[in-house]
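Visitor: My structure is below; once you've seen it, I'll send some questions.
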Amino acid sequence: MILVLLLIRLIVLAAFGALHWYVWRRLVRDTTLRGSLQRRAGSVVFVAGPLLTGGALVAENPWVPFVLEQILAWPGYLWMVVFLYLLLPLLAGEAVRPLLRWWLVRRDAVADTREQAHPSVRLPVAGWPGESGRQQDEELVAVGPPLTMEAGRSDIARDTPEPVAAAELPRVPEPEPSLPSPADLSRRLFVSRVVGGAAAAVAVGTVGFGTYGVLRGPMVKRLTIPLAKLPRSAHGFRIAVVSDIHLGPILGRGFAQRVVDTINATQPDLIAVVGDLVDGSVEDLGPAVEPLAGLRARHGTYFVTGNHEYFSGAEPWVEKVRDLGLSPLENTRTEMPGFDLVGVNDVAGEKYGEGPDFGKALGDRDRSRAAVLLAHQPIVINDAVRHGVDLQLSGHTHGGQLWPGNLIAELANPTLAGLERHGDTQLYVSRGAGAWGPPVRVGAPSDITVVELASKRT
């Protein structure tokens, strides 16, 4: 088993290196001159970038000092996503390159044809009056003594040497056919610079906009969900759903405060923190989560664990959020006006004997009441359906976070983002408020969702 894992890691590392070589070749080698400052600087970037990314990934281990993790996180993770969005347009550019070269060759051929049809005017040179040097090259060249005006016609015929064609004169050797012409080299450089420049512009623009989208904080999304069992007295009950804040070496206390301010501004009846609050230990991130003590809702704030809580120890975090005024729901439920609020541990807790227990949380409840379930991962929807849950609120997917990562996340989850129905149970999946790894989102904007429950009863 260890050998298999080692082999997989070597294959991944080799693929990572090969892709970096490809991007370096297209973006640096093909667009710069050998020995130039631009090529040297580009090569340094393509060596330092993957090393910083590897360092950022290694720094996630608990034995690495948190300060070092903070230093490596920004450049390492940003290079990871910049490289991704350099690679994708360069691969797409492979289809554009031959078309662009064909257009350049055709353009030059048209220009040559016009030149031949309308040659440029040249000044006469020494020779017969009224004839240019180019015309003289095409005439026969005579070798011998000069003719005199006194000589008769017979003398001219006798003394005139045999003509020698200009083509028979010594010529400059032609270049080797296998070597590209200067015009072809110029076209190749032009094409490489156009495609490389476009790829760089796409990467910088995409990553810049995606980073801004994360750092500015999540936007509020509002959604009304009708529940058949919800009484009229609970109609309009509002739950602020926030998941995947991912406080860590990049997103810290300031980001947490923005999330709290955004939630409080919606004036919800209840706040549900649906897992993946942090990426790190209580010792390192205790100050970063302090703003959560300022969350305000009429019926309180509730918390369930996500898979990332178990990476650094779920139990200390459960105690920490309790100290901040949040109520952890560990495979249990509590009664709200008109419905039961249920919370289960994340499936990652199964490794520690603390996984979700639907029997404990829902086994003896009154099924005539509506049940709203907080569960970090949407994959537990089948258990929710079996236990008669009316609405499940989840996160975990980030909506894919980085396109085309959404295509992979969609295969691994029953619902990537938004509201869907599974049997008699509705499942809502939030894209999350923060970001894991690179602080960048592309095609999956962060959100805090205010779910308004609606009664179907007249």
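The values are calculated or read from the model by the stated rules, or taken from the named source; none is laboratory data. Note that the structure is predicted; figures quoted are calculated from it, not measured. As a convention, Cβ positions derive from the backbone with ideal geometry for all residues, glycine included, and neighbour counts pool all protein chains shown.
Visitor: Assess whether L247 counts as being of a type in the set (A, V, I, L, M) and over 25 Å from the mean Cα position of the chain (by Cα).
Guide: Details: of a type in the set (A, V, I, L, M): yes; over 25 Å from the mean Cα position of the chain (by Cα): no.
So L247 does not fit the description; no.
Visitor: Say whether the condition of being assigned by TED's automatic domain parsing to the domain that holds L251, touching a helix residue (DSSP H, G or I) at 6+ places or on another chain (Cβ under 9 Å) and of a type in the set (D, E) is met by at least one residue in segment 352-371.
Guide: From segment 352-371, those assigned by TED's automatic domain parsing to the domain that holds L251 are 352-371; that's our starting set.
If we keep only those that are touching a helix residue (DSSP H, G or I) at 6+ places or on another chain (Cβ under 9 Å) too, we end up with 352, 354-356, 358, 362, 370-371.
From what is left, the residues that are of a type in the set (D, E) are 354.
Yes, some residue in segment 352-371 is assigned by TED's automatic domain parsing to the domain that holds L251, touching a helix residue (DSSP H, G or I) at 6+ places or on another chain (Cβ under 9 Å) and of a type in the set (D, E).
Visitor: Restricting segment 405-458 to residues that are surrounded by 19 or more Cβ atoms within 10 Å (Cβ to Cβ) and of a type in the set (K, R), which is nearest to L88 (Cα to Cα)?
Guide: Only one residue fits best here, namely R441.
Visitor: Pick out, from segment 336-417, the strands (runs of 3 or more DSSP E) lying fully within it that include 3 or more residues that are more than 23 Å from S312 (Cβ to Cβ) and in contact with an Asp or Glu (Cβ under 9 Å, 6 or more places away or on another chain). Outline the logic, then answer.
Guide: Values: elements: 339-343, 370-374, 391-394.
Once the strands (runs of 3 or more DSSP E) in segment 336-417 are filtered for at least 3 residues that are more than 23 Å from S312 (Cβ to Cβ) and in contact with an Asp or Glu (Cβ under 9 Å, 6 or more places away or on another chain), what remains is 339-343, 370-374.
Visitor: Same structure, new question: Consider only pairs whose beta carbons are under 6 Å apart and that are at least six residues apart or on different chains; among these, list those whose first residue lies in segment 306-318 and is assigned by TED's automatic domain parsing to the domain that holds E283 and more than 18 Å from I379 (Cα to Cα) and whose second residue is among the small types (G, A, S) and buried (at least 21 other Cβ atoms within 10 Å of the Cβ).
Guide: Qualifying pairs under 6 Å: S312/G280.
Visitor: Of all the residues that make up segment 337-353, how many are over 22 Å from V260 (Cβ atoms) and over 34 Å from the mean Cα position of the chain (by Cα)? Give the derivation first.
Guide: Initially, segment 337-353 is screened for residues over 22 Å from V260 (Cβ atoms), giving 337-340, 342, 344-353.
Imposing the further condition that a residue be over 34 Å from the mean Cα position of the chain (by Cα) reduces the set to 337-340, 342, 353.
Qualifying residue count, segment 337-353: 6.
Visitor: A further question follows. Please verify whether segment 285-296 includes one or more residues that are more than 26 Å from L57 (Cα to Cα), in a loop (DSSP other than H, G, I, E, B) and in contact (Cβ under 8 Å) with a residue 24 or more places away in the chain.
Guide: Scanning segment 285-296, I find at least one residue that is more than 26 Å from L57 (Cα to Cα), in a loop (DSSP other than H, G, I, E, B) and in contact (Cβ under 8 Å) with a residue 24 or more places away in the chain, so the answer is yes.
Visitor: Let me ask something else about it. So how many residues does segment 267-284 have that are in contact with a Leu (Cβ under 6 Å, 6 or more places away or on another chain) and more than 19 Å from P62 (Cα to Cα)?
Guide: If we filter segment 267-284 for residues that are in contact with a Leu (Cβ under 6 Å, 6 or more places away or on another chain), which is where we start, we get 271-272, 274, 278.
After this cut, where a residue has to be more than 19 Å from P62 (Cα to Cα) as well, the list is 271-272, 274.
Selection size over segment 267-284: 3.
Visitor: Suppose we keep only residues that are under 12 Å from L402 (Cβ atoms) and of a type in the set (A, V, I, L, M) within segment 437-458. Which one would you say is farthest from the chain's Cα centre (by Cα)?
Guide: My answer is A444.
Visitor: Among the candidates P89, P75, P98, single out the residue that is modelled with pLDDT under 95 and part of a helix (DSSP H, G or I).
Guide: P98
Visitor: Turning to a different aspect of this structure: Every residue in segment 290-314 that is surrounded by fewer than 22 Cβ atoms within 10 Å (Cβ to Cβ) and either over 21 Å from L373 (Cα atoms) or among the polar types (S, T, N, Q) (or both), please.
Guide: Passing the criteria: E290, P291, A293, G294, N307, F311, S312, G313.
Visitor: Being surrounded by fewer than 18 Cβ atoms within 10 Å (Cβ to Cβ) and charged (D, E, K, R) is the filter here, so list the residues in segment 42-96 that pass it.
Guide: E60, E94 - these are the residues of segment 42-96 that are surrounded by fewer than 18 Cβ atoms within 10 Å (Cβ to Cβ) and charged (D, E, K, R).
Visitor: Could you pull out the residue among V242, V164, V191 that is modelled with pLDDT of 95 or more and surrounded by 11 or more Cβ atoms within 10 Å (Cβ to Cβ)? Working first, answer last.
Guide: Details: V164 fails: modelled with pLDDT of 95 or more; V191 fails: modelled with pLDDT of 95 or more.
Result of the check over V242, V164, V191: V242.
Visitor: Say whether the condition of being in contact (Cβ under 8 Å) with a residue 24 or more places away in the chain, over 21 Å from W403 (Cα atoms), in contact with a helix residue (DSSP H, G or I) (Cβ under 9 Å, 6 or more places away or on another chain) and of a type in the set (S, T, Y) is met by at least one residue in segment 216-238.
Guide: So far as segment 216-238 goes, no, none of its residues is in contact (Cβ under 8 Å) with a residue 24 or more places away in the chain, over 21 Å from W403 (Cα atoms), in contact with a helix residue (DSSP H, G or I) (Cβ under 9 Å, 6 or more places away or on another chain) and of a type in the set (S, T, Y).
Visitor: I would also like to ask the following. Determine whether segment 297-304 contains at least one residue that is assigned to a strand (DSSP E or B), touching a Gly at 6+ places or on another chain (Cβ under 6 Å), among the β-branched types (V, I, T) and under 30 Å from K456 (Cα atoms).
Guide: Narrowing segment 297-304 to residues assigned to a strand (DSSP E or B): 301-304.
Subset that is touching a Gly at 6+ places or on another chain (Cβ under 6 Å): 304.
Within this subset, residues satisfying the condition of being among the β-branched types (V, I, T) are 304.
Next, from what is left, pick out any that are under 30 Å from K456 (Cα atoms): 304.
Yes - at least one qualifying residue is present in segment 297-304.
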